[in-house]
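**Q** Quick one: the structure is below, and I'll ask about it shortly.
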Amino acid sequence: MNLLLLDRAVWSLVLDLLDALTTGCYEHIMRTKETKCKWGHKMWDASKCDLCGDCLVRCRYVDYDKEKAVAEIRLLMEGKDADILTKCITCIACNDYCPTGADPSNLIFKMQERIGTSPIVVALAPFLDVITKGLEGQGEPGHLIAGDPDKPVLSLDSFDFGEIPEGTLDSQLFKGMTVVRGIEYMSLVGCVHMGGESFVEKYGQRVIDKLASLGKDIVYFHNEGFALVHVKAKEYGITVPFGYMHLFEHLRNYLRDHQSSISKLGKKVAYQANCATRYVPEQDDFLDEIFELIGVKRPPRLYERLNAVCCTAPIINTNRELAIGIQEKNVKDAIECGADALITSCPYCDRVMRRPTSQLSLTKIFITDLCRIALGEKPWPEG
Ligand code: SF4
Ligand code: SF4
């Protein structure tokens, strides 16, 4: 066959494949040297990685020196198995440690999914199967509670009503809002904790179209849902045809508009950030304003903001010893900084932090409940 007679499109494909092989990108043969592939997909960007090793040297869940860290990244770049795939607890912190924005956690999550042997991926495969069925329309249908026509939708992601604090939907904070929940509305971003990095790309548009069919703006109760529309949709070229808001901004707005109903709490609280906060760090400013409005101080502590630790939900069943060690250090740090309570904003974090906070006698409060306490809907929990 005369190679010169090959169709232009076929040549382009061959060149892309060569490009993928020479740049070390095995994720998608259509990747170019830019941040996005030709179809608009963002992914791990090998061209931004200078092999400094910072991401894995700073990872608090392994003890790698620079040489080992660089060797691990090299293996992943070559599409090979590496020690970090079994050790990574999917906390996303290395994205913040990377000085060049190469997105190392994305590389690790893709490779965890591909290799498929990390304890997290193996243990959570049955859950991912249930999610896949739900997203393919073969699972339990979602729930919709219709609200006032002029109010936005509150998306609870795939959480059951029983997984959010009791009475939340009766609160003035969400009065009249349409409420949806179920796998068909789920955020997908959290699938990285189960070996499902590809789920955003596979199902992102479907989930967003389902929410768009409601014809309203969306308030995301779960941080991951907001990360899907605000960050991942742009990276993956997914269209978001509705307005949306993070829970923190919604709470801030409500409290701002109802300041005369607030009784300042005069408490100090520590914050357990949800891991996807790494994708939307700007939401922290809304939280700071919420605290100011309700008279709460956030005392400085070791494990917060850049230095925050994982709630341990992804590893609680696969590496219990490590999980309990992290939880204890985390809760003790919150106590030592003088906090009266630890605040959570994700139902998974909230559930997994229940045992250590109770054992170490630190009050734990979901962020919506903290606002409800300030609005007089609930009392401060008894110690
Ligand atoms: S995601 Fe977290 S645990 Fe995994 S390598 Fe990065 S910093 Fe370490
Ligand atoms: S991903 Fe970032 S932090 Fe990690 S080796 Fe590459 S440039 Fe350094």
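**Q** Report yes if some residue within segment 129-138 is over 19 Å from the mean Cα position of the chain (by Cα), more than 16 Å from ligand 2 (Cβ to nearest atom) and outside the structural domain of Met186 (by TED's automatic domain parsing); otherwise report no. First the steps, then the outcome.
**A** Of all residues in segment 129-138, those over 19 Å from the mean Cα position of the chain (by Cα) come to 129-130, 133-134, 136-138.
Narrowing further to those that are more than 16 Å from ligand 2 (Cβ to nearest atom): 129-130, 133-134, 136-138.
Pick out the ones that are also outside the structural domain of Met186 (by TED's automatic domain parsing) and you get none.
Within segment 129-138, none of the residues are over 19 Å from the mean Cα position of the chain (by Cα), more than 16 Å from ligand 2 (Cβ to nearest atom) and outside the structural domain of Met186 (by TED's automatic domain parsing).
**Q** Let me ask you something else. Could you grab the pairs with beta carbons closer than 6 Å, sequence gap of 6+ or different chains, first residue in segment 234-261 and under 20 Å from Ala212 (Cα atoms), second one part of a loop (DSSP other than H, G, I, E, B)?
**A** Tyr236/His41; Gly237/Gly40; Phe242/Asp217; Gly243/Asp217; Leu247/Phe221
**Q** Under 8 Å between Cβ atoms, at least 6 apart or on separate chains: pull out the pairs that start in segment 156-167 with a residue that is touching a residue at least 24 places away in the same chain (Cβ under 8 Å) and end on any residue that is part of a loop (DSSP other than H, G, I, E, B) and of a type in the set (D, E, K, R).
**A** Sorted first by the residue in segment 156-167, then by its partner, the pairs are Gly167/Glu377; Gly167/Lys378.
**Q** Moving on. Take residues that are outside the structural domain of Leu154 (by TED's automatic domain parsing) and tell me which of the helices (runs of 4 or more DSSP H) falling wholly in segment 202-315 contain 1 or more. Write out each step before concluding.
**A** Values: elements: 223-227, 247-257, 283-294.
Of the helices (runs of 4 or more DSSP H) lying wholly inside segment 202-315, those with at least 1 residues that are outside the structural domain of Leu154 (by TED's automatic domain parsing) span 247-257, 283-294.
**Q** Oh, and also: Filter segment 64-95 down to residues that are within 11 Å of ligand 1 (Cβ to nearest atom) and surrounded by fewer than 19 Cβ atoms within 10 Å (Cβ to Cβ), then give me how many there are.
**A** Within segment 64-95, the first condition is being within 11 Å of ligand 1 (Cβ to nearest atom), and the residues that meet it are 64, 69, 72-73, 76, 82-95.
The next check asks that each one be surrounded by fewer than 19 Cβ atoms within 10 Å (Cβ to Cβ); those that pass are 83, 86, 95.
Of the residues in segment 64-95, 3 are within 11 Å of ligand 1 (Cβ to nearest atom) and surrounded by fewer than 19 Cβ atoms within 10 Å (Cβ to Cβ).
Here's the yes/no breakdown for (1) of a type in the set (A, V, I, L, M, F, W, C); (2) surrounded by fewer than 23 Cβ atoms within 10 Å (Cβ to Cβ); (3) in contact (Cβ under 8 Å) with a residue 12 or more places away in the chain:
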residue: Asp284; (1), (2), (3): no, yes, yes
residue: Asp288; (1), (2), (3): no, yes, no
residue: Pro314; (1), (2), (3): no, no, yes
residue: Lys329; (1), (2), (3): no, yes, yes
residue: Asp350; (1), (2), (3): no, no, yes
residue: Ser358; (1), (2), (3): no, yes, no
residue: Cys371; (1), (2), (3): yes, no, yes
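**Q** Taking segment 58-110 as the region of interest, how many residues are under 14 Å from Val192 (Cα atoms), in a loop (DSSP other than H, G, I, E, B) and not polar (S, T, N, Q)?
**A** 5
The values are calculated or read from the model by the stated rules, or taken from the named source; none is laboratory data. Not measured: the values here are computed from a predicted model. Note that each Cβ is placed from the backbone with ideal geometry, even for glycine, and that neighbours are counted across all protein chains shown.
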